[in-house]
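Trainee: Take this structure, written in structure tokens, and hold onto it; I'll ask about it next.
Quick note: the coordinates plus some simple rules give every number you see, no bench work behind them. All values derive from a computational prediction rather than experimental measurement. With ideal geometry, Cβ positions are generated from the backbone for all residues, glycine too; neighbour counts draw on all protein chains shown.
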Amino acid sequence: MRTAVYPGSFDPVTYGHLDVIARASVMFDRLIIAVLNNSAKNPLFSADERVKMIKEVTKDFPNVEVDSFDGLLVDYVRRQNASVIVRGLRAVTDFEYELQMAQMNRKIAPEVDTIFLTTSLEYAYLSSSIVKEVARYDRPLGEFVPPFVEEKVRLKLK
Ligand code: PNS
């Protein structure tokens, strides 16, 4: 059984994330979406809220699970008996940080590999931060996040 972990902040989950989830879910027997539970990042949503939102919008993927983690990602990956970390790459600007993280993770856990899925072009500009920015100015979010997530963002920013 091949298990992969797709880690991130997902604050909130966007169509860009869902695109990566849909594509990665057919590559592995089990895909765990792992939400970073890190108060230092000062997220808009608690880890619990983010997990619930992702569960709702991924309920049609039978092999996708949603969980939260703290501490080192590779320790979590090992605890889950996973061998692969999935990350999305939007643009060259993501590359340096992603490469450094993948190399450090591999140094600590050589048996764990990171694979990158290039984000579909229509979502290349999308990020959770930019969605929150647009939401703060009361603009519609329908092109960026599912309706369930849009509603939660609106309620949170009220
Ligand atoms: O969505 P993000 O914020 O780009 O995701 C970053 C994430 C969660 C993948 C990264 O910050 C992470 O793995 N944090 C846990 C601590 C860790 O293991 N860091 C990388 C090795 S130094």
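Trainee: Can you pull the one-decimal nm distance between simple spin-label points at K156 and E49, each 7 Å off the Cα toward Cβ?
Mentor: 0.5 nm
Trainee: Can you list residues whose amide H is under 5 Å from R90's amide H, if they're 5+ apart or on another chain and H is modeled 1.01 Å from N?
Mentor: T119
Trainee: Karplus couplings for the range 17-22 from phi (6.51 cos²θ - 1.76 cosθ + 1.60, θ = phi - 60°), rounded to Hz, Gly and Pro as x?
Mentor: Running phi through 6.51 cos²θ - 1.76 cosθ + 1.60 with θ = phi - 60° gives 4, 5, 5, 5, 4, 4 Hz.
Trainee: Residues with amide H under 5 Å of S68's amide H, sequence separation 5 or more or different chain, H placed in the peptide plane at 1.01 Å from N; which?
Mentor: V35
Trainee: So, by mean Cβ neighbours within 10 angstrom, what's the order for 117-130, 87-100 with the highest one leading?
Mentor: Going by the mean number of other Cβ atoms within 10 Å, highest first, we get 117-130, 87-100.
Trainee: Moving to a separate point now. Let's test the formula: R0 of 25 Å, r as the Cβ-Cβ distance of D75 and R23. What FRET efficiency results, to the nearest 0.05?
Mentor: Efficiency for this residue pair is about 0.45.
Trainee: Now, a different point. From the backbone phi of the range 149-157, what are the Karplus-calculated ³J(HN,Hα) couplings (6.51 cos²θ - 1.76 cosθ + 1.60, θ = phi - 60°) in whole Hz, Gly and Pro given as x?
Mentor: Per-residue couplings from phi come out as 6, 4, 4, 5, 5, 4, 4, 5, 8 Hz.
Trainee: Report the residue, chosen from K52, K132, K41, that carries the largest GNM mean-square fluctuation when the chain is represented by alpha-carbon nodes joined by springs under 10 Å.
Mentor: Comparing K52, K132, K41 in a Gaussian network model of the chain, the most mobile one is K41.
Trainee: If one takes the longest principal axis of the Cα atoms in the chain, at what angle in degrees, from 0 to 90 and to the nearest 10, does the Cα axis of helix 92-108 lie?
Mentor: Once rounded, the angle reads 40 degrees.
Trainee: With axes computed from alpha carbons, what is the tilt in degrees of helix 47-57 against the longest principal axis of the chain, rounded to the nearest 10 within 0 to 90?
Mentor: 80 degrees
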